[in-house]
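Contents: one structure, followed by commentary.
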């Protein structure tokens, strides 16, 4: 960070005017007021009966006062046609002539007594208030003329009656020395004031710079960016794009290598981004690992191209603390179309809105795995329509009757369960619970229209708790009718950090008299890896209680079984993208991947569920590869519980009596899995 002294040495304050306009005007008004009162007092001197030297005639006094009054008028006149420096000089010189001329008249009226000469020393600092050389020199010249020339011609009016013409110059020299001392004091105060002002300007400039720039990277901060954006929007109408950039995996670097390495990474990335942006726009750091770019004249595709270029530069690799760090970025783009604004308030509102929309687009891109995305109102969970839908969803959770749960069967692929050559004749081992919303005015809403609203809201936990209760109510009905049908509910990431979550699950099972194995909770890979330690603790508590857990949509997130060794999960749900096309001409590569996943999962003691099974050939291949369970349209679409095929329900395990705290005999055959998302077709 540049020091105040260094910045002052080369900043604008070094060559700044002696006084700002407002300060100069304020001092000038004070000086002219004082001068006007002084001249009025001099004019009233004879009228008040004060003694006047005989050699001063009334006419000479009147002329002298008139000349001083003219100086007052000259100082008061604004001189609008003159340039500002010339206007200042004329008015300041007029005050200087008036003050020193008035002091000379006061000395003459007093008969040259010594005490009268104090007027010069009193008025000299008044003239010095202008902190300008010209009026100060004029004052000095008037004092020299007064004591040298007038003192020699009319010594009685300057030095009193005790001196004659021969001693005029000696007296002038004595007064000159005293006056020089007064001048030195005024000059010292003058230069000291200017130095103090320069330093104050430097401090203000430094503080202003710090207020608008990030200390770590030297880039403009959020305040500086807002000013840049407001200036761009207030100028000539033009298209403009704002790009918000967030570094991916920065937290890993910060936690692994330390905060100093994290700071160094931010500095290096800032230099890379600044060099890549160049003259196209203005780069700023918003805070943390977020940056923003203002791109005047850019549209959506152009801004995305800039963002992708930035991404390529960052992905080239950065060396921090001797370690080659692999970083990536996500970018969101918001575009402003050329237009004008009514006032400054509208400009500021537009700036805030652009940053908000770009931030939303960035988080959408981040959830999609990185890259650059232009803001789309359809993906904005914070738009007015989405906020209204979230409010209605909160009401629906409280009322319960609007939220419906459909169930999609899951069947065992164990070879011992094959009863015929028909590969669809299999045994029911569970169902997946899928939520639907019967909206009172919008009709039947699929999960994709409202589930995204829950991920980052406080509704996630009560929604999950409600789904568990509804699913367990149905499991209880099946149990009482003689069928053990395990159900599964998706647990949102927020549930893993809710202290009461495990206790609520236990209470839901206990109040219905159901065994824990009749409930299975699905958790996404991203939720497990967001806070692995907390996730492991919650999963362990659930397992100790007897509730199994599953990793949902495996292969769409971190896509690695290595982290599962540290998490006591019971099941892996294979995403439909791995299943589709198995057994076909192009399915060879997927068969190798599925076989590897099944083998590793079994080695870790986990079951494997294949989602999205639609063709008998896929069933044949999955059986050959050792997959445990399958679900999909081949076995049934999601439907209300009463529409589950009776012949399929009949294949479910016969229910047994169970008491809370008791033990169950026999092996639990097959896992049950489910979620809140779209069905596995």
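Annotations
- Among (1) buried (at least 20 other Cβ atoms within 10 Å of the Cβ); (2) in contact (Cβ under 8 Å) with a residue 12 or more places away in the chain, the one test that residue 110 misses: (2)
- Filter pass, residue 288 being touching a strand residue (DSSP E or B) at 6+ places or on another chain (Cβ under 9 Å), without any contact (Cβ under 8 Å) to a residue 40 or more places away in the chain, closer than 18 Å to residue 221 by Cα and surrounded by fewer than 16 Cβ atoms within 10 Å (Cβ to Cβ): yes
Rundown of residues vs (1) at pLDDT 75 or above; (2) part of a helix (DSSP H, G or I); (3) not assigned by TED's automatic domain parsing to the domain that holds residue 35, yes/no style:
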site	(1), (2), (3)
93	yes, yes, no
100	yes, yes, no
105	yes, yes, no
125	yes, yes, no
131	yes, no, no
140	yes, yes, no
149	no, yes, no
160	no, no, no
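- For first residues located in the range 33-46 and on the phi > 0 side of the Ramachandran plot, partners that are at pLDDT 90 or above and surrounded by 12 or more Cβ atoms within 10 Å (Cβ to Cβ) and lie 6+ apart or on another chain with Cβ distances below 6 Å do not occur.
- Single residue of the range 525-538 satisfying the filter (buried (at least 16 other Cβ atoms within 10 Å of the Cβ) and modelled with pLDDT under 80) that is farthest from residue 506 (Cα to Cα): 525
- The range 235-250, subset in contact (Cβ under 8 Å) with a residue 12 or more places away in the chain and surrounded by fewer than 16 Cβ atoms within 10 Å (Cβ to Cβ), residue farthest from residue 332 (Cα to Cα): 237
- Subset of the range 305-334 (residues that are surrounded by 21 or more Cβ atoms within 10 Å (Cβ to Cβ) and more than 17 Å from residue 270 (Cα to Cα)): 332, 333, 334
- When 621, 609 are screened for being closer than 18 Å to residue 426 by Cβ and in contact with a strand residue (DSSP E or B) (Cβ under 6 Å, 6 or more places away or on another chain), only 609 passes.
- Options 282, 269; residue that is touching a strand residue (DSSP E or B) at 6+ places or on another chain (Cβ under 6 Å) and surrounded by 20 or more Cβ atoms within 10 Å (Cβ to Cβ): 282
- Looking only at the range 650-668, residues that are touching a strand residue (DSSP E or B) at 6+ places or on another chain (Cβ under 6 Å) and either modelled with pLDDT under 50 or not in a loop (DSSP other than H, G, I, E, B) (or both) come to 1 in all.
- Selection of the range 459-481 for residues being over 14 Å from residue 407 (Cα atoms) and either under 41 Å from the mean Cα position of the chain (by Cα) or not assigned by TED's automatic domain parsing to the domain that holds residue 529 (or both) yields 459, 460, 461, 462, 463, 464, 465, 466, 469.
- Of all the numbered requirements in (1) over 30 Å from residue 340 (Cβ atoms); (2) surrounded by fewer than 12 Cβ atoms within 10 Å (Cβ to Cβ), residue 216 misses one, and that requirement is (2).
- One residue alone among 541, 484, 522 is assigned by TED's automatic domain parsing to the domain that holds residue 429, within 23 Å of residue 404 (Cα to Cα), at pLDDT 85 or above and under 38 Å from the mean Cα position of the chain (by Cα), and that residue is 522.
- Per-region count, the range 494-527, residues out of contact with any strand residue (DSSP E or B) (no Cβ under 7 Å at 6 or more places or on another chain) and farther than 19 Å from residue 546 by Cβ: 6
- Residue list for the range 514-524, filter: buried (at least 20 other Cβ atoms within 10 Å of the Cβ) and in a helix (DSSP H, G or I): 516, 518
- Selection within the range 102-133 - farther than 20 Å from residue 34 by Cα and under 60 Å from the mean Cα position of the chain (by Cα): 133
- Selection status of residue 275, surrounded by 14 or more Cβ atoms within 10 Å (Cβ to Cβ) and more than 17 Å from residue 354 (Cβ to Cβ): no
The values are calculated or read from the model by the stated rules, or taken from the named source; none is laboratory data. Bear in mind the structure is a predicted one, so any value in this text is a computation, not a measurement. Positions of Cβ are generated from backbone atoms using ideal geometry, with glycine treated the same way; all protein chains shown enter the neighbour counts.
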